[in-house]
Amino acid sequence: MIVEELFSSKLTEASTHVREENTFYVTDLVRCPLKLKFEEKYKDLQVAEQVKPATVLGDLVHAGLEKFLSDKFSAKIEVEGQKEVTVGQIAYKVKGRADAIIEKDKRIVIEIKTARADKGIPLEHHKQQLRIYLWLFDALEGILVYVTPDRVTEYLVADRVDDIEVIRLVEETIKAVKTPRYSWECSYCIFNVMCPSKRGK
């Protein structure tokens, strides 16, 4: 009963999502550009990714922490934002959804992450993602909150990207300059069985 409803809602959400033309999400700018192309071409595989236990666990942790942040800090939850940049005379939207934003003396963007272990955290692409959120929401500070089996911790991120860096990231994504963007991505990618850019372990 519960599992069926949980999976059903995840699958419905994933399968009904439609990407707007000339639009990139913040997460697109911190991962392999080829994965983005494969997700559009093989949508069923991408949808199936949403019901992997690790993904579901991450969603549930997000929901719990977001509720806590809302209750304890009056945080706004799942805040959507967008800005526009121009690359080669074409206007592109950059859209994102912050897990939480706390408005006190200053605006603080909160990004929640789950991981299988605490080795290497904070991870570079997570920091980069939060830096882009700071730009997107005109904030000077953000907090990366990690929940792992070994540790629950947080990291302050205070160096947001500027327009020039975002334009570079969008251009790199359009042209698929770095495939993968990080060497470890292939190990976790469902599309590595068909990808011409797959890197070995």
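In this structure, is VAL170 among the hydrophobic types (A, V, I, L, M, F, W, C) and part of a strand (DSSP E or B)?
Numbers: among the hydrophobic types (A, V, I, L, M, F, W, C): yes; part of a strand (DSSP E or B): no.
So VAL170 does not fit the description; no.
For the structure I just gave you, tell me whether VAL51 is surrounded by 14 or more Cβ atoms within 10 Å (Cβ to Cβ) and within 21 Å of THR12 (Cα to Cα).
Working: surrounded by 14 or more Cβ atoms within 10 Å (Cβ to Cβ): yes; within 21 Å of THR12 (Cα to Cα): yes.
So VAL51 passes the test.
When you look at GLU84, is it under 18 Å from LEU169 (Cβ atoms), over 15 Å from the mean Cα position of the chain (by Cα) and open to solvent by 30 Å² or more (accessible area, probe 1.4 Å), yes or no?
Values: under 18 Å from LEU169 (Cβ atoms): yes; over 15 Å from the mean Cα position of the chain (by Cα): yes; open to solvent by 30 Å² or more (accessible area, probe 1.4 Å): yes.
It is true that GLU84 is under 18 Å from LEU169 (Cβ atoms), over 15 Å from the mean Cα position of the chain (by Cα) and open to solvent by 30 Å² or more (accessible area, probe 1.4 Å).
Tell me, which residue of segment 89-105 that is in a strand (DSSP E or B) and among the basic types (Lys, Arg) is surrounded by the most Cβ atoms within 10 Å (Cβ to Cβ)?
Applying the first criterion (in a strand (DSSP E or B)) to segment 89-105 yields 90-103.
Filter once more, keeping what is among the basic types (Lys, Arg): 93, 95, 97.
Values: LYS93: 15, LYS95: 18, ARG97: 15.
Among those that are in a strand (DSSP E or B) and among the basic types (Lys, Arg), it is LYS95.
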Identify the residue in segment 163-201 that is open to solvent by 60 Å² or more (accessible area, probe 1.4 Å) and among the charged types (D, E, K, R) and, among all such residues, is nearest to GLU66 (Cα to Cα). ASP163
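LYS67 - would you say it is touching a helix residue (DSSP H, G or I) at 6+ places or on another chain (Cβ under 9 Å), free of Cβ contacts under 8 Å to residues at least 60 places away in the same chain, open to solvent by 30 Å² or more (accessible area, probe 1.4 Å) and more than 20 Å from PHE7 (Cα to Cα)?
Working: touching a helix residue (DSSP H, G or I) at 6+ places or on another chain (Cβ under 9 Å): no; free of Cβ contacts under 8 Å to residues at least 60 places away in the same chain: yes; open to solvent by 30 Å² or more (accessible area, probe 1.4 Å): yes; more than 20 Å from PHE7 (Cα to Cα): yes.
It is false that LYS67 is touching a helix residue (DSSP H, G or I) at 6+ places or on another chain (Cβ under 9 Å), free of Cβ contacts under 8 Å to residues at least 60 places away in the same chain, open to solvent by 30 Å² or more (accessible area, probe 1.4 Å) and more than 20 Å from PHE7 (Cα to Cα).
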For segment 106-162 the number of residues that are open to solvent by less than 90 Å² (accessible area, probe 1.4 Å), part of a helix (DSSP H, G or I) and not basic (Lys, Arg) is 10
How many residues of segment 82-106 are out of contact with any His (no Cβ under 8 Å at 6 or more places or on another chain) and either among the small types (Gly, Ala, Ser) or under 17 Å from VAL145 (Cβ atoms) (or both)? The answer is 9
Suppose we keep only residues that are outside any loop (DSSP other than H, G, I, E, B) and of a type outside the set (S, T, N, Q) within segment 174-193. Which one would you say is nearest to LYS93 (Cα to Cα)? ILE174
When you scan segment 12-52, how many residues do you find that are part of a helix (DSSP H, G or I), touching a helix residue (DSSP H, G or I) at 6+ places or on another chain (Cβ under 6 Å) and over 27 Å from GLU172 (Cβ atoms)? 1
May I ask you to list the residues in segment 70-81 that are within 25 Å of PHE24 (Cα to Cα), out of contact with any helix residue (DSSP H, G or I) (no Cβ under 6 Å at 6 or more places or on another chain) and surrounded by 11 or more Cβ atoms within 10 Å (Cβ to Cβ)? LYS76, GLU78, VAL79
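The values are calculated or read from the model by the stated rules, or taken from the named source; none is laboratory data. All values derive from a computational prediction rather than experimental measurement. Positions of Cβ are generated from backbone atoms using ideal geometry, with glycine treated the same way; all protein chains shown enter the neighbour counts. Ligands, DNA and RNA are stripped out before the accessible areas are found, and what is left, the full protein with its side chains, is counted by its heavy atoms. Shrake-Rupley method; radii C 1.70, N 1.55, O 1.52, S 1.80 Å.
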